[in-house]
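The values are calculated or read from the model by the stated rules, or taken from the named source; none is laboratory data. Given the structure is predicted, the values throughout are model-derived calculations rather than measurements. Virtual Cβ from ideal backbone geometry, glycine too; neighbours counted across all protein chains shown.
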Amino acid sequence: MTPAVRSVALLAALGVGWLVAAQWGLRAVDESAAYGFFITALLGFGLYASTSGIEIAEFRRQFRTVVLAVTLGVLAKVVLIFGVMYLVYREPWHLILAVAVAQIDPLSVAAMRAKSRMSPSAKALLSAWASFDDPITVLLTVYITSFALQGGAVGGFGAFSVNFALNLALAGGAYVLWRLVRRRVSGAHRRAVRVLVRTVLVLAVLAVGFVAVQFSLLLALALIGLFFRPDLGRCVDGLAEVGLFAATLAVGLVLAAEFSWALAGVGAVLGAAAFLSQGVVAWVLTLPRRWRGDRMRLCLGQQNGLTAIILALLLEPNFPGAIAVVTPAVVVVNLLHALTNGYYDRVRPPKSAVSEPHVLRRPRLPLPLAPAAFRRLARVR
């Protein structure tokens with residue numbers, strides 16, 4: 001599916017969700033417990049799918065860049081986005097909206113990773129960036145919201161610390177289970193036993209995922225995806241693409257009741273600022289020569305989705321209009337992503353192994369051996 005076709009399909013999914021909500025008179029969909037669980041499950045699956053597709057060797061090689069991207073990179077994007085919004089609208093509360101769209105949506109990255117023309121190093125960087133910048137934006141959202149409403153962030157930061165510890169505990173328990181099962185798999189010689197163990201692994205991932213979604217421990221799913229990887233072929237990538245369309249349809253259900261042309265205009269500016277901020281930050285992070293072949297594609301890598309929507313849903317009670325602004329921003333960002341990447345792929349097709357110095361190349365025959373080889377061939381004939 002080309003970027004242009006995907007954009008049309010995503011807009012169609014958004015329209016279907018809108019029409020369903022309008023036809024059935026659905027209001028306050030975002031306040032439903034079922035809707036909250038559904039979008040949180042999609043977000044959690046996006047985190048897992050994004051990290052489970054990372055090549056571990058590449059992740060280790062780019063670890064320093066990943067850390068810079070999900071810490072200083074996120075903060076820099078927030079500053080740039082808010083700077084644009086404040087210059088245009090002079091509204092201090094738009095800082096909250098800048099935080100909501102500063103991250104990269106992991107579900108979108110996971111869905112489009114298989115057909116991406118990036119090198120393995122760039123895919124590893126973008127997948128890790130998308131998976132681990134979510135906790136940073138959640139922390140910033142809690143901190144800034146608490147400061148704006150209560151004049152301090154102690155309580156919010158304490159709650160985040162407890163949640164962070166629980167995430168680590170869940171991921172640690174999953175790691176211990178994975179090590180135990182891995183030993184059984186390595187010692188099993190019968191195919192039936194290996195299939196049974198693989199099935200148990202899949203069920204274990206689903207169980208851990210349910211607990212993570214039920215108690216909002218989504219960071220654990222991102223960590224689990226780095227090691228808990230049942231061999232499912234390309235099934236995960238296919239499900240990620242299906243999940244992306246389901247998430248877009250879910251956005252349409254909310255947008256039908258909250259849409260406003262005035263707020264949509266604010267959202268368009270917010271989305272454009274978010275997309276441009278990714279370009280600036282990614283360009284700075286990829287100044288080393290090894291990123292030369294992937295630099296532009298990383299600069300055009302901004303995507304938004306469920307994470308931004310969930311943060312907007314959390315902000316809506318205290319900041320009315322957050323959903324109506326963030327949702328159009330998500331649409332604008334994803335349209336810009338599809339259009340710019342499609343255009344760049346046409347005008348600058350990727351060069352093989354341009355940014356992968358460790359790729360093995362076919363050895364050439366030494367020149368002194370070539371005449372002897374031809375003489376032997378002549379004698380045979």
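Scan the stretch 264-275 for residues that are buried (at least 21 other Cβ atoms within 10 Å of the Cβ) and of a type outside the set (Val, Ile, Thr) and report the count.
Residues that pass the stated criteria total 6.
Within the stretch 218-262, work out how many residues are closer than 30 Å to residue 162 by Cα and surrounded by fewer than 16 Cβ atoms within 10 Å (Cβ to Cβ).
Going through the stretch 218-262 one residue at a time, the tally reaches 1.
Among the residues of the stretch 199-217 satisfying the criterion of being in a loop (DSSP other than H, G, I, E, B) and among the hydrophobic types (A, V, I, L, M, F, W, C), which is surrounded by the fewest Cβ atoms within 10 Å (Cβ to Cβ)?
So, considering only residues that are in a loop (DSSP other than H, G, I, E, B) and among the hydrophobic types (A, V, I, L, M, F, W, C), the one surrounded by the fewest Cβ atoms within 10 Å (Cβ to Cβ) is 215.
Hey, can you tell me all the residues within the stretch 254-299 that are under 18 Å from the mean Cα position of the chain (by Cα) and of a type in the set (Phe, Trp, Tyr)?
Matches in the stretch 254-299: 275 only.
Filter the stretch 114-138 down to residues that are within 10 Å of the chain's Cα centre (by Cα) and charged (D, E, K, R) and give me whichever is surrounded by the most Cβ atoms within 10 Å (Cβ to Cβ).
134
Going through 21, 13 one at a time, which residue ends up being within 12 Å of residue 251 (Cβ to Cβ), in contact with a Ser or Thr (Cβ under 7 Å, 6 or more places away or on another chain), touching a residue at least 12 places away in the same chain (Cβ under 8 Å) and of a type in the set (Gly, Ala, Ser)?
13
Given (1) exposed (fewer than 14 other Cβ atoms within 10 Å of the Cβ); (2) part of a helix (DSSP H, G or I); (3) not basic (Lys, Arg), identify the lone condition not met by residue 91.
(2)
So, of the residues in the stretch 1-52 that are in a helix (DSSP H, G or I) and aromatic (Phe, Trp, Tyr), which turns out to be modelled with the highest pLDDT?
Among them, the one singled out is 18.
Only residues that are buried (at least 16 other Cβ atoms within 10 Å of the Cβ) and hydrophobic (A, V, I, L, M, F, W, C): list them for the stretch 167-176, please.
170, 171, 174 - these are the residues of the stretch 167-176 that are buried (at least 16 other Cβ atoms within 10 Å of the Cβ) and hydrophobic (A, V, I, L, M, F, W, C).
Kindly establish whether residue 298 is at pLDDT below 95, outside any helix (DSSP H, G or I) and not hydroxyl-bearing (Ser, Thr, Tyr).
No.
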